[in-house]
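Here's the structure, in structure tokens; my notes come after.
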Amino acid sequence: NPESRHERPNRELRENLNILRMDQLAGRQVQRDILPREPPCCRGYCVTHSIVPSLYLSGDFVGYNSAFDRYILFYFGDVSGHGASSAFITVMLAFLLRQLRKRHVAESDFAALARAPQGLAEHLNRQMLGMDIDKHLTFFAGAIDVEQSRLRYVISGLSPAPILVEDGVAGFLPGQGKPLGLFKDARWQVHERIFPPESSLVIASDGLLEQVEKAPLDQSREHTLLRLLGGVSPDHQAICAALGLGEIEDAPDDVSVLTVIRHA
């Protein structure tokens, strides 16, 4: 009869959808497992992250660690697109970055840590181009020498640009470079500045921009972020509350926020 003729294809479709759903959940778990477990706090500096997950596998990834009670290393990336291919690249990149740090620490390579993140964007760019995939990566890498209160960083096409909140005033960090994985001979400039006490560095994914309401007078969403962060105390939870992370529902893309706080 007609019902039995349709019953088998419908059952197979349900089974295939369930397999896909289980694969998505397994992939999400792998991505969660590579996230940092505990915020590193080192001589008044503390790095923390929050992620509001979407329903899909994510192209966002964050990482941070400290070395020799002097250097804090952190990075933030967003692989283009959604789905399994973007998620796979985040896992691979997180592994590469972890191995680099382990090598520098194992070899007590203080010179490399003092220069960090010099050469990192070029290294990741070569890795992505070598995979010959139709993906690119927007990226931020930072390193803080806590003894000198010095922040060194590289920006590779990240939008919105990282925001520094200093004396209650929020402003974008200067410097911009090409995304990774597109140009063979590209170079990225390392910028350097003092990281003052009672300041916050806020790095967010473009998923946050999609959630921000535009300000009046046709101001951009980026300027809305500056307005929201102006005057916010140097505290991760206060920053996330100001950005409205707790109010986001059914986001089409992951919303990721990484903060670096320096207390007095």
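Answer with yes or no whether ALA170 is within 18 Å of HIS49 (Cβ to Cβ), of a type in the set (Gly, Ala, Ser) and either in contact with a strand residue (DSSP E or B) (Cβ under 7 Å, 6 or more places away or on another chain) or at pLDDT 95 or above (or both).
Spelling it out, it is not the case that ALA170 is within 18 Å of HIS49 (Cβ to Cβ), of a type in the set (Gly, Ala, Ser) and either in contact with a strand residue (DSSP E or B) (Cβ under 7 Å, 6 or more places away or on another chain) or at pLDDT 95 or above (or both).
Surrounded by fewer than 13 Cβ atoms within 10 Å (Cβ to Cβ) and out of contact with any helix residue (DSSP H, G or I) (no Cβ under 9 Å at 6 or more places or on another chain), is that true of ASP206?
Considered against the rule, which asks whether it is surrounded by fewer than 13 Cβ atoms within 10 Å (Cβ to Cβ) and out of contact with any helix residue (DSSP H, G or I) (no Cβ under 9 Å at 6 or more places or on another chain), ASP206 comes out as no.
How many residues does region 39-92 contain that are among the charged types (D, E, K, R) and under 12 Å from the mean Cα position of the chain (by Cα)?
Qualifying residue count for the region: 2.
Go through region 157-169 and count every residue that is open to solvent by less than 30 Å² (accessible area, probe 1.4 Å), under 20 Å from GLU210 (Cα atoms) and touching a residue at least 40 places away in the same chain (Cβ under 8 Å).
5
Checking the conditions here, which among LEU97, LEU93, LEU73 is touching a residue at least 40 places away in the same chain (Cβ under 8 Å), farther than 16 Å from GLY177 by Cβ and assigned to a helix (DSSP H, G or I)?
LEU93
If the Cβ limit is 9 Å and pairs must be 6+ apart or interchain, which residue in region 180-203 that is closer than 17 Å to PHE140 by Cα and touching a residue at least 24 places away in the same chain (Cβ under 8 Å) pairs with which residue that is among the hydroxyl-bearing types (Ser, Thr, Tyr) and outside any strand (DSSP E or B)?
GLY181/SER80; PHE195/SER149; SER200/SER233
Being touching a strand residue (DSSP E or B) at 6+ places or on another chain (Cβ under 6 Å) and basic (Lys, Arg), is that true of even one residue in region 240-263?
Yes; the residues of region 240-263 include at least one that is touching a strand residue (DSSP E or B) at 6+ places or on another chain (Cβ under 6 Å) and basic (Lys, Arg).
Of all residues in region 76-90, which are out of contact with any His (no Cβ under 9 Å at 6 or more places or on another chain), in a strand (DSSP E or B) and either of a type outside the set (Gly, Ala, Ser) or open to solvent by 40 Å² or more (accessible area, probe 1.4 Å) (or both)?
Scanning region 76-90 gives a single hit, ASP78.
Exactly one of these conditions fails for ALA215: (1) open to solvent by 30 Å² or more (accessible area, probe 1.4 Å); (2) at pLDDT below 95; (3) more than 30 Å from ARG126 (Cα to Cα). Give me its number.
Just one mismatch for ALA215, condition (1).
Looking at (1) crowded, with 18+ Cβ neighbours inside 10 Å; (2) more than 24 Å from SER156 (Cα to Cα), which is the one condition that is false for ILE51?
(2)
Restricting to region 42-61, name every residue that is under 19 Å from GLY246 (Cα atoms) and in a strand (DSSP E or B).
Within region 42-61, THR48, HIS49, SER50, ILE51, VAL52, ASP60 qualify.
Conditions (1) buried (at least 17 other Cβ atoms within 10 Å of the Cβ); (2) farther than 23 Å from VAL260 by Cα; (3) at pLDDT 95 or above; (4) within 17 Å of the chain's Cα centre (by Cα), marked per residue:
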{"position": "ALA94", "(1), (2), (3), (4)": "yes, no, no, yes"}
{"position": "ARG98", "(1), (2), (3), (4)": "no, no, no, yes"}
{"position": "ARG103", "(1), (2), (3), (4)": "no, yes, no, no"}
{"position": "PRO117", "(1), (2), (3), (4)": "yes, no, yes, yes"}
{"position": "ALA121", "(1), (2), (3), (4)": "yes, no, yes, yes"}
{"position": "ARG150", "(1), (2), (3), (4)": "no, no, yes, no"}
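The values are calculated or read from the model by the stated rules, or taken from the named source; none is laboratory data. Note that the coordinates shown come from a computational prediction; the quantities given were computed from them, not determined experimentally. When we count neighbours, we look across all protein chains shown, and the Cβ atoms used for this are built from the backbone with ideal geometry, even at glycine. These area figures cover heavy atoms from the full protein model, side chains too; ligands, DNA and RNA do not enter into them. Shrake-Rupley method; radii C 1.70, N 1.55, O 1.52, S 1.80 Å.
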